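What follows is a single structure, written as structure tokens, with notes after it.
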Amino acid sequence: MSELVNSQASAIERRLTRSLSSTRILAQGVRQHKGAISQFEVYADEVLKAVGGVSNLQLAPDGIIRYIHPIEGNEKAIGHNILKDDHRLKEAMLAIHERRLTLAGPFKLIQGGIAIIGRNPVYLPSEEGEKFWGFASALIYLEDLLKVTELDSLQKRGYSYQLLRPDPDTGIAETFARSTSPLTNDSYSVSINVPNATWQLVISRTESISILRSSIGYIASIFTALLIAWITHYVLLQPEKLRKEVKEKTQELQQLAYFDHLTGLANRRYLNKQLIKVLNTYSRNQKPAVLMYLDLDDFKKINDSMGHSAGDTLLQQIAVRLKNNVRSYDLVTRLGGDEFSILLLDIHSTRGVSRIAKKLIAAVEQPIILEGKPFAVSTSIGITMIPADGDDANAILRNADMAMYSAKTAGKKRFSFYNPSLQAIAIAKLQLENDLISAIHEKQFILHYQPILTQLTDKVSGHEALIRWNHPEQGLLFPDKFIGIAEETGKIIDIGYWVIKEVCEQIMVCTLTLPPHHRFSINLSPKQFKDTHLLENIRHIMQETKIEGSSLEFEVTESCIMEDVEHTSSTLLQLKEMGISVAIDDFGTGYSSFALLKQLPVDKLKIDKSFITDLETDESDQKIVHGLISMAHKLHLKVVAEGIETKEQHRLLKQYKCDLGQGYLFSKPASIKDLEDFEYKQ
């Protein structure tokens, strides 16, 4: 019963925490836009999709509800003054006074239904200091909140429940949700922590007994009594055996509840218990601790290429390595998937923590034999100091997760300590994700073009299209600021098709002024390259703009090609059949070989700029570049050098017979209009 009640309470608490985070995102948006969010409906819709569990979002400048999304069915709430509503005034004033999120309800709504509402007070800077602007609110219908639990199905299985909350005025517990059948004396309750209150969930087992069932029950009771008498006699004769069996079953249940079946490590539930214990212990003996949050880098590739059985074997071996590289009393847990955590106890210095993190990274990246082949994975680690980085288990885990993400985005195979700025970065990232939606709808993207020159004549033979984001607040953003987020959210596919169409329309305009065989080069992202509608959409755009394939070239990264060579070869072949040229971008940074290139229908290799940067001074780079060019020519492939910035680099590439080049030495990317009369003058 304890496990049952706790699981239902946890489900409610998790859903509330996640759903109410929408008010923080909304409040951050108001602050960033200095009191107004343009296209509130679009912004709110994206927040609702990202967070889930929220019926509507509201903005109430000066405490008066002015904006609601979705508005349908909620029209009656528009114009409602929260600060004059006697029923909810106390929670609203508490939110303003303490500058924190408060929860009001459950209560009956003006527009009908029973709901709870989280209100986050928003303050904006002014000459007199920070001034109260209004509320960012999220409304959650009670029935939607309860859907995340199994309370409804539990009723059908003979359980009863009640949800209680303290009355905000009297403090007396009042029931706001209950089963149709009443509670029995044999009940179990657990607290649910919500903003500015503590709810109580009580569950009991009950069954209605009919006369027939009652009669059967009496007969069964007599039989049971006889059976119990025999069992008691048996137990008295064998008490030691019974105690042993009880102990074994108890251990078995604990194993199921608190340990991961695959690795044998403790699980997330057990970690939560230990974190609470560590925080309570610290207040008495001042012993700090550290939580490390580990995520395996590119683990999905193992599952995709070798299958889940091989992935499971790898996880088991990683678990052993982690345990072998920490002290016996430190806690190693598997949180789920390819995520692990390590709770280091009684550790004081960040230097010591850093040493352990480096040791763990080195241990994880040692090759593992799977089906007779060696495989290597790496890990990224986020680190939180306890209690400095959080005063409850959820905050510590959340902050460690953010630190881990920071390590992963910084290049993987490294560790990062949590600091408060990561919270701001996470909010800014979410804001940028939402802004991307507006960017697509409002056509805020623009294309710049960089000339590609033949190395023999230094004449322009093509242009590479490079996207820029004309952000309404942050100004001109380069791809490194938003392409990663666009990839994560899947928006890169919409952006990619916009680029293809925009380039084709540009070709239509330039047709009369361009020399023959001039091609416009477009980068295809890995996600777009895998899109099942890629070829169909390209054909449609070409037909719509009346553009020949001979005017286009698509660049695909080397790493993207390696993920699925069979699919890659088929897609590239169909592009070639449409007259489109194909180039492999960033060549030399991945794992492809010239033997593989023989099998792929490609026309060009683009040597990554990392090999060009030190070409003048680094003999190794000179040999690599010269060798790449020679071998590519033997396969009848043309070679493009990226990032040419000096005349000496240009001279060496000519000497190595590199076919084409681009870089700041010739021209920075610019609008096609600015490049109309471009001519490279040595």
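At least 1 residues being closer than 22 Å to Pro166 by Cβ and within 34 Å of the chain's Cα centre (by Cα) is the threshold, and among the strands (runs of 3 or more DSSP E) wholly inside the range 55-109 those reaching it are 102-108.
Every condition in (1) under 27 Å from Glu127 (Cβ atoms); (2) surrounded by fewer than 18 Cβ atoms within 10 Å (Cβ to Cβ) holds for Leu26 except the one numbered (2). Per the conditions (1) open to solvent by less than 30 Å² (accessible area, probe 1.4 Å); (2) in a loop (DSSP other than H, G, I, E, B); (3) under 30 Å from Asp298 (Cα atoms), the sole criterion not satisfied by Thr571 is (2). Determine whether the range 531-539 contains at least one residue that is at pLDDT 90 or above and surrounded by 21 or more Cβ atoms within 10 Å (Cβ to Cβ). Within the range 531-539, one or more residues are at pLDDT 90 or above and surrounded by 21 or more Cβ atoms within 10 Å (Cβ to Cβ). Scanning the range 92-113 for residues that are in contact (Cβ under 8 Å) with a residue 40 or more places away in the chain, in contact with a helix residue (DSSP H, G or I) (Cβ under 9 Å, 6 or more places away or on another chain) and either open to solvent by 40 Å² or more (accessible area, probe 1.4 Å) or charged (D, E, K, R) (or both) yields a single hit, Arg100. Applying the condition of being in a helix (DSSP H, G or I) and touching a strand residue (DSSP E or B) at 6+ places or on another chain (Cβ under 7 Å) to the range 247-274 and asking which residue is modelled with the lowest pLDDT yields Tyr258. Total residues in the range 72-85 satisfying the condition of being open to solvent by 30 Å² or more (accessible area, probe 1.4 Å) and touching a residue at least 24 places away in the same chain (Cβ under 8 Å): the figure is 4. Which ranges mark the helices (runs of 4 or more DSSP H) fully within the range 604-682 that have 3 or more residues being within 23 Å of Ser581 (Cα to Cα)? Counting at least 3 such residues, we get 619-634.
Could you list, in sequence order, the residues of the range 47-71 that are open to solvent by 10 Å² or more (accessible area, probe 1.4 Å), touching a Leu at 6+ places or on another chain (Cβ under 9 Å) and not aliphatic (A, V, I, L, M)? Within the range 47-71, Gly53, Ser55, Asp62, Arg66, Tyr67, His69, Pro70 qualify.
Scanning the range 124-172 for residues that are small (Gly, Ala, Ser) and either under 28 Å from the mean Cα position of the chain (by Cα) or not in a strand (DSSP E or B) (or both) returns Ala136, Ser137, Ala138, Ser153, Gly158, Gly171. Checked against the criterion of being assigned to a strand (DSSP E or B), in contact with a Phe, Trp or Tyr (Cβ under 8 Å, 6 or more places away or on another chain), within 30 Å of Arg99 (Cβ to Cβ) and open to solvent by less than 20 Å² (accessible area, probe 1.4 Å), the range 187-195 contains one or more residues that satisfy it. For first residues located in the range 169-195 and closer than 26 Å to Leu89 by Cβ, partners that are aromatic (Phe, Trp, Tyr) and open to solvent by less than 60 Å² (accessible area, probe 1.4 Å) and lie 6+ apart or on another chain with Cβ distances below 7 Å form the pairs Ile192/Trp199.
Filtered by the rule that a residue be over 31 Å from the mean Cα position of the chain (by Cα) and open to solvent by 40 Å² or more (accessible area, probe 1.4 Å), the range 546-568 gives Lys546, Glu548, Ser550. Taking the conditions exactly as written (open to solvent by 10 Å² or more (accessible area, probe 1.4 Å) and over 29 Å from Asp304 (Cα atoms)), does Ile386 satisfy them or not? No, not satisfied.
Scanning the range 520-529 finds one or more residues that are under 30 Å from Thr409 (Cα atoms), part of a loop (DSSP other than H, G, I, E, B) and under 31 Å from the mean Cα position of the chain (by Cα).
The values are calculated or read from the model by the stated rules, or taken from the named source; none is laboratory data. Computed from a predicted structure; not experimentally measured. Here the Cβ is made from the backbone with ideal geometry for all residues, glycine too, and neighbour counts use every protein chain on show. All accessible areas refer to the heavy atoms of the entire protein, side chains included, with ligands and DNA or RNA removed. Shrake-Rupley method; radii C 1.70, N 1.55, O 1.52, S 1.80 Å.
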